[in-house]
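Student: Here it is, the structure, as structure tokens.
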Amino acid sequence: MKIVAATGNANKLREFREILAGYEVVSAAEAGFHGDVEETGSTFAENALLKARAVCKATGLPALADDSGLCVDALNGAPGVYSARYSGGGDRENRALLLKNLNGVENRRAHFACCIALAFPDGREITAEGRAEGKILHEERGTGGFGYDSLFLSDELGVSFAETTEEQKNAVSHRGRALGALKKLL
Ligand code: IMP
């Protein structure tokens, strides 16, 4: 069976392929979908489903999509679904804004969340979620990763997501856990 992954990100494609061994996973572009789906939902699940449904409808194939972000307790869950668009700039500007908004704030509790949705042409839908718990550092640590990784001290790893290997991060990350949960559901 063919499944379309609603992503242009090569790393995500590779991860989806690993989890869905036995299925032929193709990118949205390979399936002829070149559109952009607006993430208008207020939850990660809504956004993942929006993307999966749109690509499923356009291609007539089962479609997989994910949405993720960082939720900070002291900011009432922000940046949340707006994580990528937090500052209006790129990753560096997003991290700077996060540090600014947490300036003088003692409660640094936060988690990364990820939802993966799979939509089938017959209307069936599966969603799987994962979380990674941690704290927001007062300054960046580590040079690996992307997004908010260098500001996120993982409870389980004891180091920031930018100070670890991709393999170690995947073992405890929100995306790794959502993928694991999806695998079980399949
Ligand atoms: P998306 O789900 O790929 O659209 O990611 C949303 C945004 O959340 C990214 O642009 C990052 O800012 C942030 N984000 C999601 N997952 C991670 C992660 O594992 N590390 C760092 N930032 C992340």
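Student: By how many degrees, between 0 and 90 and to the nearest 10, does the Cα long axis of helix 91-101 differ from the longest principal axis of the chain?
Tutor: 50
Student: For region 2-185, what size does the Cα cloud have along each of its three principal axes, sorted from largest down, in whole Å?
Tutor: The principal-axis extents, from largest down, are 51, 30, 24 Å.
Student: Given the chain, what percent of its DSSP beta bridges are antiparallel, to the nearest 5? The partial results should precede the final answer.
Tutor: Details: 26 of 32 bridges.
Counting only bridges with both partners in the chain, antiparallel ones make up about 80 percent.
Student: Something else now. Over the chain, average the accessible area per residue using a 1.4 Å probe and give it in Å², no decimals. Write out the running numbers ahead of the final one.
Tutor: Values: 9500 Å² over 186 residues.
Per residue, the chain has an accessible area of 51 Å².
Student: Next question. For Leu185 and His34, FRET efficiency with R0 = 41 Å and r from the beta-carbon atoms, rounded to 0.05?
Tutor: Working: r = 29 Å, r/R0 = 0.71.
With R0 = 41 Å, the Cβ-Cβ based efficiency is 0.90.
Student: On to the next question. Of Val105, Val81, Val37, which is the most mobile in a GNM of the chain whose springs link Cα atoms less than 10 angstrom apart?
Tutor: Highest fluctuation among the options: Val105.
Student: So what's the angle, to the nearest 10 degrees on a 0 to 90 scale, between helix 174-185 and the longest Cα principal axis of the chain?
Tutor: With rounding to tens, the tilt is 30 degrees.
Student: Ok, one more. Mind putting a number on the dipole of region 2-185 about its Cα centre? Charges go on the C-beta only, +1 for Lys and Arg and -1 for Asp and Glu, and I need it in Debye to the nearest 20. List each step's numbers first, then the result.
Tutor: Details: 22 positive and 26 negative charges, 41 e Å.
For region 2-185, the charge dipole is close to 200 debye.
Student: In cubic angstrom, how much convex hull volume per residue do the alpha carbon atoms of region 1-81 span? Kindly include the intermediate steps, with their values, before the conclusion.
Tutor: Values: hull volume 7.4 nm³, N = 81.
Roughly 91 Å³ of hull volume per residue.
Student: Between Arg92 and Glu166, what FRET efficiency follows from the Cβ-Cβ distance if R0 is 25 Å, with the result rounded to 0.05? Display every interim value, and only then the final one.
Tutor: Numbers: r = 20 Å, r/R0 = 0.82.
So, using R0 = 25 Å, E works out to roughly 0.75.
Student: Once the Cβ-Cβ distance between Ala74 and Glu24 is put in as r, and R0 is 35 Å, what FRET efficiency do you end up with, to the nearest 0.05?
Tutor: Details: r = 45 Å, r/R0 = 1.27.
Plugging the Cβ-Cβ distance into 1/(1 + (r/R0)^6) gives 0.20.
Student: Report the relative contact order of the chain, percent, no decimals, based on alpha-carbon pairs under 8 angstrom and at least 6 residues apart.
Tutor: Value for the chain: 18 percent.
Student: So what's the back-of-envelope 222 nm ellipticity for the chain, counting only DSSP H runs of four-plus at -39500 (n - 2.57) apiece and dividing by all residues, rounded to 500? If you can, show how the numbers build up before the last one.
Tutor: Details: 5 runs with 56 residues, N = 186.
Value at 222 nm, helices only, nearest 500: -9000 deg cm²/dmol.
The values are calculated or read from the model by the stated rules, or taken from the named source; none is laboratory data. Quick caveat, the model's predicted, so the values are computed rather than measured. Ideal geometry is used to build each Cβ from the backbone, glycine not excepted, and the neighbour counts take in all protein chains shown. Heavy atoms of the whole protein, side chains included, go into the accessibility calculation; ligands, DNA and RNA do not. Shrake-Rupley method; radii C 1.70, N 1.55, O 1.52, S 1.80 Å.
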